[in-house]
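Working notes, beginning with the structure itself.
The values are calculated or read from the model by the stated rules, or taken from the named source; none is laboratory data. Everything numeric in this text was worked out from a predicted model, so none of it was measured. With ideal geometry, Cβ positions are generated from the backbone for all residues, glycine too; neighbour counts draw on all protein chains shown. Note: accessible area is taken over every heavy atom of the protein model, side chains too, but ligands, DNA and RNA are not part of it. Shrake-Rupley method; radii C 1.70, N 1.55, O 1.52, S 1.80 Å.
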Amino acid sequence: MNPVTPAAKPPATESGKPATTPPPSAPDTKPAVKATAPMTPEVKSLVDRMQAFYEKTGDFKAGFRQDYKYKTFRRTQTSEGVVSYKKPGLMRWEYQKPSVRTFVLAGNKIYAYDPTAQSLTVANVDTSQLSASVTFLFGQGRLADEFAISKGACKDCKGTLLVLDPLKVEPRFKQVRLEVDPASAQVLKSTVVDPDGSENTISFLDLKTNVGISADSFKMDVPDDTRVDDFTKQKKQ
């Protein structure tokens, strides 16, 4: 991550919602930049190693558990499945519980398949607008360019908790928290805090890297009677 985005919400961008483009700023104005303290040497070292880990990762596969805490409704929806990734920019989320669904990010398109509804939705996604909180998993984007990063306190964490606060006003999320294995520098858990305070947490389980995943694994093969809603095609005038 979203994906990529991240039950109720696909993991498209890490928040579980399709990436959106921020509204344009007023003429001759620039987004406010928050004053921040520099990263500590400990945090900088871990961030650099984490970025390097994903830059050298050609593909990965892992189980995942997604816990979406709805602040307004005060409830949590939990989903489980398998996620796989292959450079450049191929990602597949196979939801297995509580319902079977598939989301595939391939280039500038995202595919959402619901076998129960017998429907496939295809939409465009501007990957250039994705936050570094997602693209660093692809070996792209520099977290330090977009976030003030600090070490957080977490007594239940298995790794080191990094707290990422956007340097500029960000309409898509308020904060990102990454739990990172200090030994391997891989992300164990990612939490995106939505503007309304809801939290989308994805835990990566038994992650394996550079296992030789085929590009064919990201092709969407659906039954012939599936309804296809393709929003990437321009309507005829």
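A few notes on this one:
- Single residue of the range 116-154 satisfying the filter (assigned to a loop (DSSP other than H, G, I, E, B) and at pLDDT 85 or above) that is least open to solvent (accessible area, probe 1.4 Å): 125
- Within the set 177, 172, the sole residue that is within 19 Å of the chain's Cα centre (by Cα) and within 22 Å of residue 44 (Cα to Cα) turns out to be 177.
- Screening 61, 56 for residues that are basic (Lys, Arg), within 22 Å of residue 185 (Cβ to Cβ) and crowded, with 16+ Cβ neighbours inside 10 Å leaves exactly one candidate, 61.
- In summary, strands (runs of 3 or more DSSP E) completely within the range 167-237 and bearing 2 or more residues that are surrounded by fewer than 18 Cβ atoms within 10 Å (Cβ to Cβ) occur at 199-209, 227-230.
- Taken as a whole, the structure places residue 45 among residues that are at pLDDT 95 or above and outside any strand (DSSP E or B).
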